[in-house]
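Notes follow the structure.
Nothing in this text is a laboratory measurement; each read-out follows from the coordinates by a stated rule. Since this is a predicted model, take the numbers as computed values, not measurements. Here Cβ is always computed from backbone atoms with ideal geometry, including for glycine, and neighbour counts include all displayed protein chains.
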Amino acid sequence: MTHPLAISTFAGLLAACFALGAQAQTASATLAPTAGNTAAGTVTFTQKGDKVTVNAKVSGLAPGGHGFHIHEKGDCSAPDAMSAAGHFNPGGKPHGAPDAPDHHAGDMPMLQADASGNATLTTDLSGVSIGSGAADIVGKAVIVHKDADDFKTQPTGNSGARVACGVITKS
């Protein structure tokens, strides 16, 4: 005969083991300015179910809107960050707002810098992941652009030059 307390204890230990194995996947990028710019900051990514929560803090921007995207290559070596290539787009979709039905996986909401040049953003993204699959953002780059994103012009949203770049690494 099995004792109910033993079954309960075993079930609790089993649940704890699964919880430890299912810890949230996290990644981050440290943004550094491109040549002639002062923008810098941090971006963290946390997998929460089928969404990834993005937390960004950026300083050194001109006041107003700035395009903010995940790019294909984790390479910020070029002075203008063009080495990061185009927007991350494993689904082959057109550029668009992140809440539109069709958009690049790397399309994120714009950063809005205040009068002091500081911007913060917290948002949830669909269609990307941390650490696995075709939509894995680890090893890609995060780019902050000089201008606002119109979310229409193909393929970049007319966001202008790249003012900061950082490579996404798994935490």
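Before moving on, here are some points about what is shown:
- Residue match in the stretch 65-76 (condition: surrounded by 22 or more Cβ atoms within 10 Å (Cβ to Cβ), under 21 Å from GLN25 (Cα atoms) and free of Cβ contacts under 8 Å to residues at least 60 places away in the same chain): no
- Lone qualifier among ALA100, ALA148, ALA115 - being in contact (Cβ under 8 Å) with a residue 40 or more places away in the chain, over 21 Å from ASN37 (Cα atoms) and either touching an Asp or Glu at 6+ places or on another chain (Cβ under 6 Å) or surrounded by fewer than 18 Cβ atoms within 10 Å (Cβ to Cβ) (or both): ALA100
- Count of the stretch 118-127 residues which are part of a loop (DSSP other than H, G, I, E, B) and either under 19 Å from LYS48 (Cβ atoms) or without any contact (Cβ under 8 Å) to a residue 24 or more places away in the chain (or both): 1
- Scanning the stretch 153-171 for residues that are surrounded by fewer than 16 Cβ atoms within 10 Å (Cβ to Cβ) and of a type in the set (S, T, N, Q) yields THR153, GLN154, ASN158, THR169, SER171.
- When residues in the stretch 22-53 are screened for being closer than 18 Å to VAL163 by Cβ, in a strand (DSSP E or B) and among the hydrophobic types (A, V, I, L, M, F, W, C), 5 of them pass.
- Test: residue in the stretch 79-98 that is outside any loop (DSSP other than H, G, I, E, B), on the phi < 0 side of the Ramachandran plot and in contact with a Phe, Trp or Tyr (Cβ under 7 Å, 6 or more places away or on another chain): no
- Where GLY133 falls short, out of the listed (1) assigned to a loop (DSSP other than H, G, I, E, B); (2) surrounded by 15 or more Cβ atoms within 10 Å (Cβ to Cβ); (3) not polar (S, T, N, Q): (2)
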